[in-house]
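Here the structure is laid out as structure tokens; the discussion comes afterwards.
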């Protein structure tokens with residue numbers, strides 16, 4: 001049920017809503033700004049989850065007359081939006097914490113804060129692992145961004161948990177806003193990391209070297225049928241990959257044979273890179289036989 005993009009996003013929304021309510025109630029009872037900072041972070045996780053849910057539904061729409069390349073970049077836009085929200089949250093937390101240091105305040109019922117942080121850590125670990133697994137299987141950029149956001153909660157919440165424990169035994173109230181600032185700085189770093197990958201998709205950056213290598217390996221398997229390839233271009237839009245290249249056919253191959261070879265190459269690439277769109281332009285050979293290993297009517301080898 002929760003193994004698909006939509007299912008994982010629904011699980012994310014449900015869990016995050018529960019954490020928000022839990023943290024807000026305890027933060028209000030204790031007066032701890034570090035706990036409220038965690039609540040604000042979870043609130044942004046909720047906004048991000050809603051954005052992701054909408055983006056996944058849009059990205060899943062098939063290509064149409066207005067969008068011949070599909071709607072995959074909706075996930076990249078969602079990823080950038082999440083990063084911006086996270087960045088704003090970090091700034092607001094820092095602003096509130098500095099004001100708390102200047103004015104001075106105390107925190108009550110630290111044991112309640114410790115309990116909510118411990119529960120949040122356990123829930124976030126399991127949720128982030130599940131989201132990461134679904135993101136890897138589906139290639140979802142938006143889900144990957146959400147998994148990254150939730151995983152950061154584990155580290156920031158752990159810092160707050162340690163701080164509240166120290167506060168419980170020492171009574172140093174200034175630890176609370178200092179912890180909030182530390183959490184906020186980490187949140188800002190996560191925001192930058194979250195924005196980086198979807199921005200590369202919006203700018204049509206080529207696929208990672210590992211995926212480029214997979215494509216080239218598929219092409220080399222046909223070295224006995226084709227003379228070579230060039231003009232290989234790749235890009236990504238959300239979980240979808242777009243690949244186009246020129247494939248140089250061996251001399252004497254008919255148009256029908258060339259078409260069959262191109263079809264086989266496309267199928268092999270799509271079997272490795274899911275949701276890939278492959279366009280191949282077939283070209284005749286350039287008669288540079290000394291650089292060619294293909295079997296053709298001009299040169300019978302092997």
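The values are calculated or read from the model by the stated rules, or taken from the named source; none is laboratory data. Everything numeric in this text was worked out from a predicted model, so none of it was measured. Here Cβ is always computed from backbone atoms with ideal geometry, including for glycine, and neighbour counts include all displayed protein chains.
Apart from one condition, residue 202 fits all of (1) under 27 Å from residue 267 (Cα atoms); (2) surrounded by 16 or more Cβ atoms within 10 Å (Cβ to Cβ); (3) touching a helix residue (DSSP H, G or I) at 6+ places or on another chain (Cβ under 7 Å); the exception is (2).
Residue under question is residue 79, and the condition is that it be crowded, with 24+ Cβ neighbours inside 10 Å and touching a strand residue (DSSP E or B) at 6+ places or on another chain (Cβ under 7 Å); does it hold?
On the way: crowded, with 24+ Cβ neighbours inside 10 Å: yes; touching a strand residue (DSSP E or B) at 6+ places or on another chain (Cβ under 7 Å): no.
Spelling it out, it is not the case that residue 79 is crowded, with 24+ Cβ neighbours inside 10 Å and touching a strand residue (DSSP E or B) at 6+ places or on another chain (Cβ under 7 Å).
Filtering the range 168-178 to residues that are surrounded by 15 or more Cβ atoms within 10 Å (Cβ to Cβ) and either within 18 Å of the chain's Cα centre (by Cα) or at pLDDT below 75 (or both) leaves 173, 176. Residue-level check: of (1) within 30 Å of residue 266 (Cα to Cα); (2) out of contact with any strand residue (DSSP E or B) (no Cβ under 8 Å at 6 or more places or on another chain); (3) in a loop (DSSP other than H, G, I, E, B), residue 133 misses just (3). Within the range 27-48, can one find any residue that is more than 19 Å from residue 187 (Cα to Cα), in contact with a helix residue (DSSP H, G or I) (Cβ under 7 Å, 6 or more places away or on another chain) and surrounded by fewer than 16 Cβ atoms within 10 Å (Cβ to Cβ)? Yes - at least one qualifying residue is present in the range 27-48. Within the option set 21, 51, being assigned by TED's automatic domain parsing to the domain that holds residue 95, part of a helix (DSSP H, G or I), on the phi < 0 side of the Ramachandran plot and loosely packed, with under 14 Cβ neighbours inside 10 Å holds for one residue only, 21. When restricted to residues that are at pLDDT below 65 and in contact with a helix residue (DSSP H, G or I) (Cβ under 8 Å, 6 or more places away or on another chain), the range 251-302 contains 2. Annotation: residue 212 fulfils all but one of (1) surrounded by 14 or more Cβ atoms within 10 Å (Cβ to Cβ); (2) touching a helix residue (DSSP H, G or I) at 6+ places or on another chain (Cβ under 9 Å); (3) modelled with pLDDT of 85 or more; (4) part of a helix (DSSP H, G or I); the unmet one is (2). All told, residue 157 meets the bar of being touching a residue at least 60 places away in the same chain (Cβ under 8 Å), crowded, with 23+ Cβ neighbours inside 10 Å and under 16 Å from residue 176 (Cα atoms).
Of everything in the range 217-231 that's within 33 Å of the chain's Cα centre (by Cα) and more than 17 Å from residue 272 (Cα to Cα), which residue is surrounded by the most Cβ atoms within 10 Å (Cβ to Cβ)? Top of the filtered list is 229.
Against the conditions (1) more than 23 Å from residue 148 (Cβ to Cβ); (2) in contact (Cβ under 8 Å) with a residue 24 or more places away in the chain; (3) crowded, with 17+ Cβ neighbours inside 10 Å, residue 111 satisfies every one except (3).
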